[in-house]
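The values are calculated or read from the model by the stated rules, or taken from the named source; none is laboratory data. Predicted model only: the values in this text are computed from it and were never measured. For neighbour counting, all protein chains shown are included, and Cβ atoms are generated from backbone atoms with ideal geometry for every residue, glycine included. For accessibility, only protein heavy atoms count, side chains too; no ligands or nucleic acids. Shrake-Rupley method; radii C 1.70, N 1.55, O 1.52, S 1.80 Å.
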Amino acid sequence: MSKKHVSRKLKSAWRKHIDISDVDQFLEEQRQDERIGGRIADKPDQELFSEEKRPAKAKSTQRELRRNKFGELPRSLLPLVNTSNVSDPVVKRNVKKSRVTLAPVAPVASVRFRKRGRPSGIAKPTQEDLWAKETPVPGELQNEWIAKELVHHTLAHTGKPLVTNLPARMDPEQRRVPLRKRLPAEGLSYNPAIDDYLELKDKLVKEEKKIIRHEEHLDRVLTSKLGKMTPEERYRTAISEMSEGLLKPDKNNQSEEEEDEKKKDEEEEEKPVVVAKAKKRISKAKKRARMLQHKEEKLLEQELHKLVEIDRVEEIAAEVEQEVQQTQRKAEYRVRKRKAMRAKLDLPIDFVEPEKLSGSLRTIEPLNNLLATGLPKVRKVSILKRTRAEVERKMRRIPTKRYTRSSHKEPMLPPTKPAKRAK
């Protein structure tokens, strides 16, 4: 590349078009070295390194530190200490002394009496270590190289904490609640124990296996037993059914049909002919008399039945009352059964796979079938009521026509003959 010609007539042009970055870099490095006290490579080892000498006075133990605290001023009296830099204006302050002189009294040796407590009835602890037999700490964590804090941390985050909540530190409402019914407060993160998660997983696996076995049973009993047709056979049968009566029948088929008809005719001819006996003719007057007699017998039977029913009025009332009570019991039983069935909703188990457990809870995908999971739960807690159309559909009944039995009909009396007029 050809260099661009620049005029260097003035001093400002020389400053502008001359590269002095290397000089600036050198000066910057020199300034940085001066800030840290010179170059490290030029310093001797005595300045860079120091030997750690053993202290002349031994470090005080924890017991000595606690003992020294008793000589110090208590924290409660620190606000009373005068920390002001202003001196007392009264240089010579008179201190009042009591003029009453008391005779010196020899100190009396103090006698200590130990108070005996009431017998508590609690047996003294034995020398045997009760906690050495069974410990909730698993074998992997029972190691001298694992600290106690690490064991507590690990067990607390796996759902099996060593230190449970003491009643004194709980809320007053939670103190009397049993441990199995105690739930975490709303809005808190709840990490269940790994055993509960595995139990839920086993339950889900059992249900899936049961569904698979049922499907295999249906395939074995139904699908494999039914005959299967190939597409060619299905097409052939469809053609033969649709062309029934259009094609001309074969001569062989026609001859076979004629032979079958002849055989049927011969069998009908061979059957013996039964001649019915001629009925004896009855006159109209006899017919009328028989009908009147039959009606009278029927009326007499109905009257006798009424008399019997009148005698059984108390028994019939008891039977009616018993039937009414039975219908009421059945209606109550149906209501209870409907409520129980509504409470027993077979909902799918909300199970999250272990691969999806890591990360934020917002990334966990819910179950796809919302109608199978969400709507039954909402109806179960009576948030979503039934619509008016569903209620009316339940109340609507198919119109039926009522018929009375012949035994309960009122008998039709014969028409009365008009009385003859007096001449």
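Things worth noting here:
- Fully extended contour minus Cα-Cα distance, from residue 307 to residue 93, at 0.36 nm per residue: 63.7 nm
- In the context of the full set of protein chains, residues of the stretch 17-71 present 109 Å² of accessible surface per residue (probe radius 1.4 Å, heavy atoms only).
- Partner aspartates and glutamates for residue 4 [C-alpha distance under 16 Å; skip if fewer than 8 residues away on the same chain]: 19
- Among the listed pairs 160/201; 337/401; 160/203; 57/148, those beyond 28 Å (Cα-Cα): 337/401; 57/148
- Sparsely packed GluC sites (Glu not before Pro) within the stretch 1-52, loop by DSSP, other Cβ within 10 Å at most 14: 51, 52
- Remark: spin-label model distance residue 80-residue 205 equals 7.3 nm, labels positioned 7 Å along the Cα→Cβ axis.
- Fully extending the segment from residue 317 to residue 268 would add 11.4 nm, taking 0.36 nm per residue of separation and subtracting the current Cα-Cα distance.
- Each of residue 196 and residue 11 was given a label point 7 Å from its Cα along the Cα-to-Cβ line. The distance between the two points is 8.5 nm.
- For the stretch 298-344, accessible area per residue (1.4 Å probe, heavy atoms of protein chains only), Å²: 98
- From the alpha carbon centroid of the stretch 204-222 to that of the stretch 259-309 is 62 Å.
- On the stretch 298-344, 57 percent of the accessible area sits on carbon and sulfur atoms, based on a 1.4 Å probe.
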